[in-house]
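The values are calculated or read from the model by the stated rules, or taken from the named source; none is laboratory data. In this text, all values refer to a predicted model and were calculated from it rather than measured experimentally. Virtual Cβ from ideal backbone geometry, glycine too; neighbours counted across all protein chains shown. In case anyone asks, the SASA skips ligands and DNA or RNA and just uses the protein heavy atoms, side chains included. Shrake-Rupley method; radii C 1.70, N 1.55, O 1.52, S 1.80 Å.
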Amino acid sequence: MKSATGIDLEAVLNRSRPALARAITLLENDRPGAAELMAELAPRCGRAHVVGITGAPGAGKSTLINALLGEFTRRGRSVAVVAVDPSSPISGGSILGDRLRMDEHGSRDDVFIRSVSSRGHLGGLSRNTGRIIDVFDAVGFDTVIVETVGAGQSEVEIRHFADSNIVVCPPGLGDDVQAIKAGIIEIADLLVVNKADLPQAERTVLDLTTATHLRHRKDWQVKVLRTVATSGEGVAALADAIEEHGRATGIGKRLKRAPSGPAPQATDEELFAQLRRWRAAGKGVALATVVKTWGSSPRPEGSHLAVEADGAFVGSVSGGCIEGAVIGEAQAAIADGQPRLIEFGVSDERAWEVGLACGGKVQVYVERIG
Ligand SMILES: Nc1nc2c(ncn2[C@@H]2O[C@H](COP(=O)(O)OP(=O)(O)OP(=O)(O)O)[C@@H](O)[C@H]2O)c(=O)[nH]1
Ligand SMILES: [Mg+2]
């Protein structure tokens, strides 16, 4: 069943290692047939739980992913990993060794690891990563883990692809200002203090735990976990929490978002026209306006986001970094009529240090209209 592109779709769907590798390379380089292959795979997407793992360089992400590979496969789940610009390898260790031997006997592979570089590809990291996640999803991997180093100016924000976002925090974050913690908690569903064998870990856990309790989210209470990735301590509890988050908030979220990301750009004219349509239809609406920015905030002062009571929105205050939180505040403002002035984000330097994908700060004014 080879297509004109030389890709054996049946072998890909059977998770044959060489066939998968070839398919991904074809997509990465956008060679002829890439669009056709995606068209074949797209209808099969939507079953995988996509887990984003980000954090500062050296926080222990790769070691943690290795440990999670062991834990998930013991639970009978197949796992694919996409490592973006890896500086330390995910080996798969003995797990992968075993699976490779199994593969020789024709059995399906249940661990697959692929690195991608943000440089040197034609299509851009964001699209490539999205496509690779789709391939792994379509061929039936239960869990797809994406490792990225958090960088203030990152070309892509992998977390828009992920159903569950994990931020790995190094011990020692504790003494810092509240905004940092708010920024991390905005982004993370699970906070993992890895290297819990180091002295400052306990303090960091306590500090982050306090911060999460100060900041409620509608559908999920952010959890703080501790792990020692090198020994496997806490890894089973982390796997539990990941599965719990997937059950609680759903999977395949990226497929339900607009293809251009969660915050489509609109001119002010379009935005206010939409606001008027919502109001004419009797819907409660709120307007969020960026009133102040610091650092690499992706949207200038004066940018608007209009939100309707059910959460529909148009415009953008950050290009996707904090839209979820702002929409939540806007819905609250529609409900209680109180305008609010809120600050989101962290400085670029701190974003890098604590491993966030998004730097910069914004102050947003949110008000009910009408
Ligand atoms: N003490 C201690 N060391 C750890 C732990 N987890 C990882 N390390 C060590 O920390 C170093 C970095 O680990 P990696 O897993 O490569 O970290 P990473 O976050 O993937 O690093 P980058 O990919 O370079 O950003 C390695 O030397 C690990 O052995 C832990 O729980 N405790
Ligand atoms: Mg790594």
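Computed values, structure above
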{"item": "Test result for Leu69, at pLDDT below 95, in contact with a strand residue (DSSP E or B) (Cβ under 6 Å, 6 or more places away or on another chain) and in a helix (DSSP H, G or I)", "result": "yes"}
{"item": "Tally of residues being surrounded by 24 or more Cβ atoms within 10 Å (Cβ to Cβ), out of contact with any Pro (no Cβ under 6 Å at 6 or more places or on another chain) and farther than 18 Å from Val111 by Cβ across segment 48-59", "result": "3"}
{"item": "Subset of segment 40-66 [more than 13 Å from ligand 2 (Cβ to nearest atom), among the aliphatic types (A, V, I, L, M) and part of a helix (DSSP H, G or I)]", "result": "Leu41, Ala42"}
{"item": "Identity of the residue in segment 293-321, in a strand (DSSP E or B) and modelled with pLDDT of 90 or more, that ends up most open to solvent (accessible area, probe 1.4 Å)", "result": "His304"}
{"item": "Top-ranked residue of segment 207-221 - restricted to ones that are more than 18 Å from Ala241 (Cα to Cα) and either open to solvent by 70 Å² or more (accessible area, probe 1.4 Å) or not assigned by TED's automatic domain parsing to the domain that holds Gly232 (or both), ranked as modelled with the lowest pLDDT", "result": "Leu214"}
{"item": "Residues of segment 63-86 that turn out to be more than 9 Å from ligand 1 (Cβ to nearest atom), among the small types (Gly, Ala, Ser) and either under 20 Å from the mean Cα position of the chain (by Cα) or open to solvent by 60 Å² or more (accessible area, probe 1.4 Å) (or both), as a count", "result": "3"}
{"item": "Search result, residues across segment 189-206 that are crowded, with 18+ Cβ neighbours inside 10 Å and away from ligand 2 (no atom under 16 Å from the Cβ)", "result": "Asp189, Leu190, Leu191, Val193, Ala196, Ala201, Thr204, Val205"}
{"item": "Among (1) within 13 Å of ligand 1 (Cβ to nearest atom); (2) on the phi > 0 side of the Ramachandran plot; (3) modelled with pLDDT under 90, the one test that Gly60 misses", "result": "(3)"}
